[in-house]
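I have placed the structure first, in the form of C-alpha cells, so that the comments after it can refer back to it.
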C-alpha cells in the first residue's frame, strides 16, 4: 500500500513529466514558439510578459509600480534585449504585478519560460534523479523528434523515479 508521501512524489513526477515534455517541445520547435496554455503563440519570456500585461490592460509603468521594478528594465525584458531575471525575488515581484498566483499553472509557466529563455532548468526540476533522465530527452531534441513510443518510454522512466 502506498503511503501519502509516495502518492505525493508520484503526483509531482507526473507534473514534472508534463514540464519535461514542454521543454522538449520548446527545444525541438525551430521557431521556439509556444502554443499551449495560452491562446496566442509567443516566443520567449519577453513576449509572454508583454502578452500577459496587455491581456490585463496594464500599462508598463503601472506594472513597474506594482512590482517595484524599473520600467526601463521591464521594457528591455519585453523586447528581449536583456535576459530574464535569475533572481527568484525579482521573478516573484514581476509575477505578482502580472497577477500570477504562486502555485498556479500560469505561475509555473511564467517561471518555466523565464528559465528556458535564460538557458537553464527551473530550480524545482533540478532533482538529481530527474536530471539523470534528461540526456535522453536532449539527445532526441538535438537530432530528431521523439516518436510516441520514445515519449511513452521517457514518461514511464519518470514515473518510476
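To keep it simple, each residue is scored yes or no on (1) exposed (fewer than 13 other Cβ atoms within 10 Å of the Cβ); (2) in the same structural domain as residue 142 (by TED's automatic domain parsing); (3) in contact with a strand residue (DSSP E or B) (Cβ under 6 Å, 6 or more places away or on another chain); (4) modelled with pLDDT of 90 or more.
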site	(1), (2), (3), (4)
49	no, no, no, yes
66	no, no, no, yes
70	yes, no, no, yes
79	yes, no, no, yes
88	yes, no, no, no
97	no, no, no, yes
102	yes, no, no, yes
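Looking across region 104-119 at every residue that is surrounded by 13 or more Cβ atoms within 10 Å (Cβ to Cβ) and free of Cβ contacts under 8 Å to residues at least 60 places away in the same chain, the one that is farthest from the chain's Cα centre (by Cα) is identified as 107. Condition (residue is assigned by TED's automatic domain parsing to the domain that holds residue 150, assigned to a helix (DSSP H, G or I) and either modelled with pLDDT of 95 or more or surrounded by 15 or more Cβ atoms within 10 Å (Cβ to Cβ) (or both)) applied to region 28-42: is it met by at least one residue? Looking through region 28-42, at least one residue is assigned by TED's automatic domain parsing to the domain that holds residue 150, assigned to a helix (DSSP H, G or I) and either modelled with pLDDT of 95 or more or surrounded by 15 or more Cβ atoms within 10 Å (Cβ to Cβ) (or both).
The values are calculated or read from the model by the stated rules, or taken from the named source; none is laboratory data. Predicted model only: the values in this text are computed from it and were never measured. Cβ: placed from backbone, ideal geometry, glycine included. Neighbour counts: every protein chain shown.
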